[in-house]
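The values are calculated or read from the model by the stated rules, or taken from the named source; none is laboratory data. The shown structure was predicted, so the numbers you read here are calculated from the model rather than taken from an experiment. Cβ coordinates were reconstructed from backbone atoms using ideal geometry, including for glycine residues, and neighbour counts include every protein chain displayed. Just the protein is used for accessible areas: all its heavy atoms, side chains included, with ligands, DNA and RNA removed. Shrake-Rupley method; radii C 1.70, N 1.55, O 1.52, S 1.80 Å.
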Amino acid sequence: MLERQLAPGHLIHELHSRDRFSCRFHSMPDAAGHEFFEVQVSRKEVTEDSFRILLEALSECCKK
């Protein structure tokens, strides 16, 4: 699922009509016990035929 959400084609589609979006995921716990994280994708530098993005990973975004 993560690979599909962060695939270049999917990012282009999502960022075509908005400046940012986020995806939340549940993973196996790490050594600190963190198992939830969020990836925020923001569209930055924009030209006529391309744009650059910023990916930010936030852990424990939705801890229960």
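L2 contributes about 60 Å² of solvent-accessible surface, heavy atoms of the protein only, 1.4 Å probe. With all protein chains kept in place, the per residue accessible area of the chain amounts to 78 square angstrom at a probe of 1.4 angstrom.
Order the peptides 37-47, 20-30 from the highest to the lowest mean number of other Cβ atoms within 10 Å of their residues.
37-47, 20-30
Remark: the H16-Q40 segment gains 7.1 nm on full extension, using 0.36 nm per residue and subtracting the alpha carbon distance.
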